[in-house]
Amino acid sequence: MMYRSLLVFCILVTEIKGFTMFSWNIHRGVGADGKMDLERTAAIIRKQQADVVVLQEVDQGTTRSGKQFLAQELGSRLGMQVFFGKAIDFQSGEYGQAILSAHPLRQKRIVRLSEQGEARIAVLAEVQIGTEWVTVGGVHFDATSASRRAEEGKKLLAALATTAGKIYVAGDWNEAPSGEVGRMWEKNGWIYQKKSGVPFTFPQDRPQIEIDFFWTKGAPLAIECRVVDVLGASDHRGVVARWL
């Protein structure tokens with residue numbers, strides 16, 4: 001009887017798959033020292049042991065980044081699958097966001113949020129965690145206009161309105177979670193994942209504002225959500241969250 005109880009317990013523990021997600025604006029791998037160092041960037045990401053990583057400010061084949069394809073280069077160093085979403089053409093290459101995953105990805109898509117000035121997008125995909133498929137997303141909203149961010153937030157809400165199951169969206173929102181976008185998302189049933197400790201993420205050396213964070217829907221509260229000190233590897237600190 002004792003053996004059976006232990007066997008059932010072990011099976012249940014095996015079937016409960018934790019999920020960890022890391023979000024970071026990597027500033028195209030350029031740190032506070034002005035140097036581009038992808039191994040330094042990869043080391044920070046690797047330390048989080050995340051199932052999924054969403055990255056903002058990612059160069060692909062641009063002149064300023066030495067024609068390197070940063071998403072693929074980081075994916076290769078980390079042994080993760082890669083989905084890159086182009087926001088704009090830039091310096092003979094592309095600039096946008098990426099999703100890195102340690103697990104299978106499907107239904108990958110780009111949601112175009114605004115086109116004036118620097119165009120803005122969200123990147124979305126489904127990732128397999130154990131036997132369950134969940135939706136993950138990365139965002140990088142406009143930095144100059146609250147009204148434009150509100151429109152971007154509204155478009156992304158509409159794009160996710162019919163998505164079933166657990167949804168995890170994170171990134172650089174360029175405003176506080178209490179801003180207009182946050183109020184809109186909360187009214188639509190989304191949950192802000194509150195951080196433990198000081199929540200500020202920018203600038204990385206002496207952070208004073210919180211513009212990098214998670215919103216989720218259909219998912220439980222994270223058992224851990226905190227700011228990650230990136231040790232000068234970017235101009236933003238990262239945010240990691242874990243769920244059971």
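The values are calculated or read from the model by the stated rules, or taken from the named source; none is laboratory data. Every value quoted in this text rests on a predicted model; they were computed, and no experiment measured them. Cβ placement follows ideal geometry from the backbone for every residue including glycine, while neighbour counts extend to all protein chains displayed.
Determine whether ARG112 is under 20 Å from LYS166 (Cβ atoms) and over 16 Å from the mean Cα position of the chain (by Cα). In short, no. Each residue in the range 233-244 was checked for being part of a loop (DSSP other than H, G, I, E, B) and hydrophobic (A, V, I, L, M, F, W, C), and 2 of them qualify. Of the residues screened, VAL230 is not one that is more than 13 Å from the chain's Cα centre (by Cα), loosely packed, with under 14 Cβ neighbours inside 10 Å, part of a loop (DSSP other than H, G, I, E, B) and touching a residue at least 24 places away in the same chain (Cβ under 8 Å). Applying the criterion of being of a type outside the set (Gly, Ala, Ser) and farther than 19 Å from GLN97 by Cβ to the residues of the range 155-171, the residue that is nearest to the chain's Cα centre (by Cα) is LYS166.
Against the conditions (1) outside any loop (DSSP other than H, G, I, E, B); (2) in contact with a Pro (Cβ under 6 Å, 6 or more places away or on another chain), PHE200 satisfies every one except (1). Does ILE223 count as in contact with a Leu (Cβ under 7 Å, 6 or more places away or on another chain), over 20 Å from SER145 (Cα atoms), hydrophobic (A, V, I, L, M, F, W, C) and buried (at least 17 other Cβ atoms within 10 Å of the Cβ)? No.
Taken together, GLY189, GLY218 contain a single residue that is modelled with pLDDT of 95 or more, in contact with a Gly (Cβ under 7 Å, 6 or more places away or on another chain) and surrounded by fewer than 18 Cβ atoms within 10 Å (Cβ to Cβ), which is GLY218. Within the range 34-61, being at negative phi, among the acidic types (Asp, Glu) and either surrounded by fewer than 24 Cβ atoms within 10 Å (Cβ to Cβ) or touching a residue at least 40 places away in the same chain (Cβ under 8 Å) (or both) holds for ASP37, GLU39, ASP51.
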